[in-house]
There are 2 protein chains.
Amino acid sequence: MNQRLSSLHKSHSRRPRLADHVYAKLKKMIFDFELIPGDHFSEADVVERFEASRTPVREALQRLQREGYVEVRFRSGWQVRPFDFEVFEQLYDVRMVLECSAIERLCAMKRQPTVIEELSEFWRIPVEKRSHDIRLSDDDQYFHTSLVAAAGNAEMASIHRDVSERIHIIRRLDFTQASRIEATFDEHAEIIHAIRKQHGEYAQQLMRTHIAASRDEVRKITLHMLHEARKRHEAHEDEELVKANNRGR
Amino acid sequence: MNQRLSSLHKSHSRRPRLADHVYAKLKKMIFDFELIPGDHFSEADVVERFEASRTPVREALQRLQREGYVEVRFRSGWQVRPFDFEVFEQLYDVRMVLECSAIERLCAMKRQPTVIEELSEFWRIPVEKRSHDIRLSDDDQYFHTSLVAAAGNAEMASIHRDVSERIHIIRRLDFTQASRIEATFDEHAEIIHAIRKQHGEYAQQLMRTHIAASRDEVRKITLHMLHEARKRHEAHEDEELVKANNRGR
DNA sequence: GCATTCCATCTGGTATACAAGAAGCTTGCA
DNA sequence: TGCAAGCTTCTTGTATACCAGATGGAATGC
């Protein structure tokens, strides 16, 4: 009884670490283009924004730095790491390698994991029932990461997840075009079908084509989107300026 | 002139970050089995050892934690992450996938990077001239990492380097056996030869066999070495205890 | 008017103080 | 002697103070 109460109390009082919260929020801001690649900011800015002290803020920034999202310059502030399309292309290639390896292993399995069937169910739906929500990009990411996870190598899955997440910031932009969405449904369904039939080489070829298409498409539209985000950002800043001036009078 | 002086001064006065120093030293201690997997320690211990404050110590520990070398338990201290052979096996598999991909790309190149020739020079030496130094494990790691780097994908090379480094802690143990050293020279030379001849499939097969052999061998001897290290550690602790007792009298 | 120098200010790196949970020891009791 | 409650101590998480380098602008010399 005492134990139950105490553990209950614990689960209530154990608040999540502030550093984790700041980390997640900052990452979300970067993904939502509230912080645009190239933006400069200081630790004090983040402290003010999140009402936390520098210690957890610094921990969060260091994690983001290690993951490639931000950079610090010695006593000259932090910066959201600018887009480097060469890096993204390389990450796409890493994905190809890892996912093809996963497919090879999955096709060699006598008894495939049940998640394969679930994925098959999800992506093999008629055209008229397909969602066109932007959140479909999360489902897309889930498709790829759970394929790799299903292959059974947890370390490889972890690496692949990190890579996918880094790509995700621009990958989502691919899901603004209806034609690409339709293609994604079709291609995912076809890949899963080939895996279930254990046509390893063919499934790998499909996956390579699928990823390459995504890579090429994203490259085309990213520059445009980035430009739009920057415009919105500047407009917002002007608005703030007007308000400040009005208050000043 | 002033600029030259000031930049000179800068390069002198810019001392390396304490956090980096602590990070490197701690990692070295873990690799040298001064800190044994499973060992328990607190941030205060590290502070005392390195005469640094908690801030850089914590940064170092957090980096090591993200890289999988240590773990923290909420308000109950840190511990060196115990060996998990399943993880090592998985990391070996990741290496196989990445290195085979690199080989495939290298073999597809019309003009291969010059580093390939350098590696060929290094490993194709007569039996009687071969070094048996333990530092050969560094050369071995260099062989594999520069192969991947030569394939041209910097992100993939970075991931591969991290994986290789995590394995290195036990991989070195493989270089205590003369037969394994000889095999390494032979196999490296053969792999490079196949790459230069652009026999992609064959080179990949050789690499898979090579890595698998290393993996299997290391697994055999790691438990033994770990046992030895623990014995040495305890003997050292006893010694300290004796000294302390003598001082006490 | 222009360049240069110097200083106030801002930055991240480090040290330290404080908070609160976890663990182990001590003490009291049965 | 066994055991349990409570308290002391030790732990990490967080906040804050201090330091030195970097920066930008104002003041100064030409």
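The values are calculated or read from the model by the stated rules, or taken from the named source; none is laboratory data. All values derive from a computational prediction rather than experimental measurement. Counting neighbours? That spans all protein chains shown, and the Cβs are built from the backbone with ideal geometry, glycine included. Ligands, DNA and RNA are excluded from the accessible area calculation, which covers all protein heavy atoms including side chains. Shrake-Rupley method; radii C 1.70, N 1.55, O 1.52, S 1.80 Å.
Odds and ends about this structure:
- In the condition set (1) free of Cβ contacts under 8 Å to residues at least 60 places away in the same chain; (2) of a type in the set (Ser, Thr, Tyr); (3) within 23 Å of residue B:104 (Cβ to Cβ), residue A:164 is compliant with all but (1).
- Qualifying residue in the range A:30-53 (condition: part of a helix (DSSP H, G or I), under 22 Å from the mean Cα position of the chain (by Cα) and not aliphatic (A, V, I, L, M)): yes
- Residue B:50 being within 12 Å of chain A (Cβ to nearest Cβ) and among the aromatic types (Phe, Trp, Tyr): no
- Neighbours by Cβ (under 7 Å, 6+ apart or cross-chain): first from the range A:51-79, under 23 Å from residue B:67 (Cβ atoms) and assigned by TED's automatic domain parsing to the domain that holds residue A:166; second open to solvent by less than 20 Å² (accessible area, probe 1.4 Å) and part of a helix (DSSP H, G or I): none
- Looking only at the range B:23-47, and only at residues there that are modelled with pLDDT of 95 or more and open to solvent by 60 Å² or more (accessible area, probe 1.4 Å), the one that is farthest from residue B:171 (Cα to Cα): B:44
- Pair list, Cβ under 8 Å, 6 or more apart: the range B:210-232 residue under 24 Å from residue B:100 (Cβ atoms), other residue open to solvent by 50 Å² or more (accessible area, probe 1.4 Å) and outside any helix (DSSP H, G or I): B:217/B:177
- Within the range A:68-89, none of the residues are assigned to a helix (DSSP H, G or I), open to solvent by 60 Å² or more (accessible area, probe 1.4 Å) and among the basic types (Lys, Arg).
- Those residues of the range B:70-82 which are within 14 Å of another protein chain (Cβ to nearest Cβ) and touching a helix residue (DSSP H, G or I) at 6+ places or on another chain (Cβ under 7 Å), in sequence order: B:72
- Set side by side, the residues A:108, A:44, A:102 differ, and just one is within 12 Å of chain B (Cβ to nearest Cβ) and not polar (S, T, N, Q), which is A:102.
- Screening residue B:142 with (1) open to solvent by less than 30 Å² (accessible area, probe 1.4 Å); (2) free of Cβ contacts under 8 Å to residues at least 60 places away in the same chain gives one miss only, at (1).
- Scanning the range A:58-67 for residues that are over 26 Å from residue A:227 (Cβ atoms), open to solvent by less than 40 Å² (accessible area, probe 1.4 Å) and more than 9 Å from DNA strand C (Cβ to nearest atom) turns up A:59, A:60.
- Restricting the range A:2-21 to residues that are within 14 Å of DNA strand C (Cβ to nearest atom) and at pLDDT 55 or above, the residue that is most open to solvent (accessible area, probe 1.4 Å): A:15
- Residues located in the range B:97-135, provided they are within 22 Å of the chain's Cα centre (by Cα), over 25 Å from residue B:200 (Cβ atoms) and free of Cβ contacts under 8 Å to residues at least 24 places away in the same chain: B:131, B:133, B:135
- Taken over the range A:54-67, the criterion of being in a helix (DSSP H, G or I) and within 12 Å of chain B (Cβ to nearest Cβ) is satisfied by A:54, A:55, A:56, A:58, A:59, A:60, A:61, A:62, A:63, A:64, A:65, A:66.
- Of the residues making up the range A:116-133, just one is exposed (fewer than 12 other Cβ atoms within 10 Å of the Cβ) and of a type in the set (A, V, I, L, M, F, W, C), namely A:127.
- Residue check, residue B:130 out of contact with any helix residue (DSSP H, G or I) (no Cβ under 7 Å at 6 or more places or on another chain) and more than 9 Å from chain A (Cβ to nearest Cβ): no
- Checklist (1) on the phi > 0 side of the Ramachandran plot; (2) free of Cβ contacts under 8 Å to residues at least 40 places away in the same chain; (3) out of contact with any strand residue (DSSP E or B) (no Cβ under 9 Å at 6 or more places or on another chain) applied to residue A:47, failing item: (1)
- Residues of the range B:83-99 satisfying the condition of being facing chain A (nearest Cβ under 8 Å) and hydrophobic (A, V, I, L, M, F, W, C): B:87, B:91, B:94, B:97, B:98
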